[in-house]
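One structure is given here, and the rest of the page talks about it.
The values are calculated or read from the model by the stated rules, or taken from the named source; none is laboratory data. In this text the structure is predicted, and so the values were computed from the model without any measurement. Glycine also receives a Cβ, built like all others from the backbone with ideal geometry; neighbour counts cover every protein chain displayed. Calculation scope for accessible area: heavy atoms of the full protein, side chains included, ligands and nucleic acids excluded. Shrake-Rupley method; radii C 1.70, N 1.55, O 1.52, S 1.80 Å.
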Amino acid sequence: MFIQQLINGLAIGSVYALMTVGYSLIYSLMSFTNFAHGVVVTVCAYVGYFVLTFFITNIPVGILVALVSGVAVSVLIELSTYRPLLLRNAKRLYLCIAGLGLSIMVENLIIIILSGRFKSYPSEVLSLGNLTVGNATIGIIDLVILLVSVVALVCLEVYIRTSKDGLAIRGASFSLDHASIMGINTDGLMIKVFAIAGALAGIAGFFCGIKYTAYPKLGSSLTNKAFISAVLGGLGSLPGAIIGSFILGILEVLVSGYISSTLRDVFSFSLLVVILLVKPTGLLGKSSEDKA
Amino acid sequence: MINSYWLGIMTQTGIYLLAVLGVCILTGFTGLFSFGHAGFMAIGGYVSAIAVKYGDLPLVAGLLLGTAAATLVGIAIGTPTLKLRGDYFLIATLGIGEAIRMILENWTFVGGAKGLTDVGKGISFPLVLLIDVVVIFMLANFLRSKHGRNCIAIRENETAARAMGINIFRYKLLAMGISCALAGLAGALLGHYMNYLQPTMFNSVKSNELLIMVIMGGFGSLTGSIISALILVPLPEVLRIGSAQEWRMVIYGLLVVLIIIFKPTGLMGYKEFSAKGILAFFSRLKKNAFKRQPKGGE
């Protein structure tokens with residue numbers, strides 16, 4: 001029973017990690033909270049639903065389509081909404097509000113066009129079967145989610161550690177202006193970062209669609225979880241984002257498994273408030289006093 | 001003359017106006033964003049309702065207790081997060097707003113998701129109007145005072161404000177306190193006016209709406225916020241047809257994005273609506289008209 005819950009928690013935690021890493025990446029570069037991150041997740045969950053239901057029932061194809069559409073939506077958001085503001089050097093909080101406006105708009109457009117009902121992925125995907133290890137039954141879909149997410153995160157880590165763009169991202173996370181003086185094309189870098197965040201959010205959206213069905217508020221409820229994970233691990237820190245996400249995922253599953261499933265979200269948000277009161281910089285947070 | 005339906009809408013508008021003014025002080029004048037002000041309304045509403053329903057206290061005591069409770073929670077959440085740079089405060093308000101709503105939904109003592117009924121009536125339109133006028137008067141004076149100017153200085157440039165010797169943290173906390181007090185008062189009034197409370201009355205959509213009204217009215221304009229609240233609060237009542245509610249939110253979202261991109265200062269900008277301002281506007285118009293005449297007159 002415990003092993004089963006643990007694997008489930010790791011799967012959920014890995015989906016949170018995909019979200020949180022994308023959010024933290026944008027936050028560490030531009031120091032603003034991207035409220036439109038949830039839009040990408042919701043749209044990709046629906047894209048995954050339509051591809052799997054009407055075209056081809058194949059999980060790898062679904063992941064690929066979700067990934068590509070995630071990149072497209074995220075870059076589109078950057079170019080249409082954030083770019084005009086960044087060019088004007090607007091206050092960072094204006095970017096937050098623009099993102100919020102965008103997410104309110106898209107959420108309600110989806111309700112109008114596709115109705116607010118929950119859309120469940122085709123049953124072939126959901127019933128992939130179970131694996132029995134000892135006396136624990138583990139859903140294969142959970143293992144797939146965990147595996148794909150970990151591979152995606154490792155790829156990102158290798159990219160940031162070894163590539164030239166990765167070096168630019170690491171440099172820009174210290175100071176965007178200085179990176180720009182050193183000859184880094186920061187406008188191009190931002191598009192790349194939004195593309196990476198979009199790809200991760202696209203995969204996350206697809207997996208959430210499988211686990212929780214697709215619905216208009218999926219993105220915003222998941223973004224809230226990403227915020228909690230980010231604060232738990234330390235705002236702006238990528239390793240912190242991953243650790244925070246897995247901790248939150250496992251704790252949520254344990255709470256809903258052993259106490260009550262209705263208390264899961266109460267627990268998560270109360271956890272956030274407690275962390276902010278006790279240790280606001282989180283587990284791995286840098287001292288955020290000096291990072292203006 | 002005015003039937004009770006419209007009187008009801010006017011009363012509700014007056015009540016929500018208080019919460020909008022609270023967000024206006026925090027967001028418009030101090031430059032801090034709260035995505036969870038509906039949560040503070042909920043605290044005010046439920047504390048006052050419990051005090052009146054179970055504690056048998058008079059209505060006024062309930063209103064005061066509700067206001068005080070919301071203020072205390074606001075200061076408690078502001079104290080650790082306002083010291084930090086970055087979006088901690090923003091995430092904290094988002095978290096507290098959601099946490100409060102979810103706790104209320106699962107707490108059977110206050111009726112859970114079904115809500116709390118018979119919380120004590122006694123709010124009438126004249127009373128709300130009186131409170132509105134007093135609050136607006138007090139806020140206008142606050143903004144003209146040294147303390148209000150310090151808040152505005154923080155919004156404009158934090159580093160410069162600090163260099164001028166302003167205690168940034170204290171004034172941010174002050175703005176948060178005032179803002180939460182007003183939200184709590186609005187929540188308490190709403191509960192006693194409607195005679196019931198439900199957690200869904202205080203969901204994140206409500207928080208976002210409060211923020212949107214302030215943004216549309218204009219950053220740093222008390223009258224701008226008042227005008228936009230007077231227009232936008234009754235709007236859903238007028239638009240009670242089909243999917244008008246969803247379209248309303250789509251349009252709000254679009255408007256917010258467009259306003260932020262093209263006219264980030266909102267409807268009124270930093271200007272206040274006053275008789276003096278109107279006269280100045282017309283005299284400018286006249287002057288321009290005279291100026292243009294020689295050019296155009298052939």
inquiry  = Only one of A:191, A:243 is more than 14 Å from chain B (Cβ to nearest Cβ), of a type in the set (Val, Ile, Thr), assigned to a helix (DSSP H, G or I) and open to solvent by 60 Å² or more (accessible area, probe 1.4 Å). Can you tell me which?
reply    = A:243
message = I want to confirm something. Restricting to the range A:210-244 and keeping residues that are among the β-branched types (Val, Ile, Thr) and in contact with a Phe, Trp or Tyr (Cβ under 6 Å, 6 or more places away or on another chain), which single residue is modelled with the highest pLDDT?
response = A:210
key: Odd one out for residue A:222 among (1) in contact with a Cys (Cβ under 7 Å, 6 or more places away or on another chain); (2) not in a helix (DSSP H, G or I)   = (2)
ask   = Of the residues that make up the range A:204-213, is at least one over 12 Å from the mean Cα position of the chain (by Cα), closer than 13 Å to residue A:14 by Cα, within 14 Å of chain B (Cβ to nearest Cβ) and touching a residue at least 12 places away in the same chain (Cβ under 8 Å)?
value = no
request  = Inspect all residues belonging to the range A:279-290 and state whether any of them is within 14 Å of chain B (Cβ to nearest Cβ), farther than 28 Å from residue A:147 by Cα and either among the β-branched types (Val, Ile, Thr) or open to solvent by less than 20 Å² (accessible area, probe 1.4 Å) (or both).
outcome  = yes
message = Could you go through the range A:47-68 and let me know if any residue there is away from every other protein chain (no Cβ under 14 Å), buried (at least 23 other Cβ atoms within 10 Å of the Cβ) and under 24 Å from residue A:97 (Cα atoms).
response = no
remark   = Reported set for the range B:187-212 where residues are more than 17 Å from residue B:123 (Cβ to Cβ), open to solvent by 10 Å² or more (accessible area, probe 1.4 Å), part of a helix (DSSP H, G or I) and not acidic (Asp, Glu) is B:200, B:204, B:205, B:206, B:208
note = Taking the range B:243-269 and the residues there that are within 14 Å of chain A (Cβ to nearest Cβ), closer than 28 Å to residue B:31 by Cβ and modelled with pLDDT under 80, the one that is surrounded by the fewest Cβ atoms within 10 Å (Cβ to Cβ) would be B:263
key: Checking residue A:43 against (1) in contact with a Cys (Cβ under 8 Å, 6 or more places away or on another chain); (2) of a type in the set (Val, Ile, Thr); (3) at pLDDT 90 or above, the condition it does not meet   = (1)
note = In the range A:256-272, anything within 9 Å of chain B (Cβ to nearest Cβ), of a type outside the set (S, T, N, Q) and surrounded by fewer than 17 Cβ atoms within 10 Å (Cβ to Cβ) is listed as A:263
ask   = Does any residue of the range A:26-44 turn out to be open to solvent by less than 10 Å² (accessible area, probe 1.4 Å), within 18 Å of residue A:142 (Cα to Cα) and of a type outside the set (Phe, Trp, Tyr)?
value = no
remark   = The helices (runs of 4 or more DSSP H) lying wholly within the range B:16-110 that contain at least 1 residues that are away from chain A (no Cβ under 14 Å) and open to solvent by less than 10 Å² (accessible area, probe 1.4 Å) are B:37-53, B:59-81
key: Hey, residue A:160 touching a residue at least 60 places away in the same chain (Cβ under 8 Å), in contact with a Lys or Arg (Cβ under 7 Å, 6 or more places away or on another chain) and over 27 Å from residue B:99 (Cα atoms) or not   = yes
